[in-house]
Amino acid sequence: MSAKNKVIAGDYIGKQVGASLGTAYLILGLTKSYNLNKSTIESYELITDEHRKSAASGIARGLVGGALLGPVGLLAGLSAKNKGVYQIAIQFKDGKRSLLEVDDKIYKAIIASCF
């Protein structure tokens, strides 16, 4: 399953979310965008912990692989790919709120620009 990279609830629902040069933004129209950074975002919260579940199941696969195949199996199980789908609730400084579903690249851009 890949991330939708869009607003899935609240204000700006249906609008696409993008990232370029480390900056995340909402695409509001052909030539209009809204940067997602500490000057526009009051607060944000990660809603799902799907990436944590993926890591936990990777560890479990590693343990099973280790039991069956030794150290090579352990490494193969631990290198399982992270799904990287995040849902973030954002409270904007203007009072609007949105729930975004984004991939790893956009998630990291939002976190970095809000730090």
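The values are calculated or read from the model by the stated rules, or taken from the named source; none is laboratory data. These numbers were taken from a predicted model, which means no experiment stands behind them. Don't worry about glycine lacking a Cβ; one is built from the backbone with ideal geometry, like all the others, and counts go over all protein chains shown. Only protein heavy atoms, including side chains, enter the accessible area calculation; ligands, DNA and RNA are left aside. Shrake-Rupley method; radii C 1.70, N 1.55, O 1.52, S 1.80 Å.
Quick one: pull the percent of accessible area on region 1-45 belonging to carbon and sulfur, 1.4 Å probe, ligands and nucleic acids left out.
Answer for region 1-45: carbon and sulfur cover 51 percent of the accessible area.
Can you grab the distance from the C-alpha centre of region 82-111 to the C-alpha centre of region 1-48, Å, no decimals?
6
In this model, which of Lys15/Lys83; Lys4/Lys38; Lys4/Lys105; Lys32/Lys105; Lys6/Lys108 are farther than 19 Å apart at the alpha-carbon? Display every interim value, and only then the final one.
Values: Lys15/Lys83 22 Å; Lys4/Lys38 23 Å; Lys4/Lys105 13 Å; Lys32/Lys105 21 Å; Lys6/Lys108 15 Å.
Those over the limit are Lys15/Lys83; Lys4/Lys38; Lys32/Lys105.
Taking the mean number of other Cβ atoms within 10 Å as a proxy for protection, how do you rank 87-94, 99-106, 26-33 from highest to lowest?
Details: 87-94: 16.5, 99-106: 20.0, 26-33: 12.0.
Top of the packing list down: 99-106, 87-94, 26-33.
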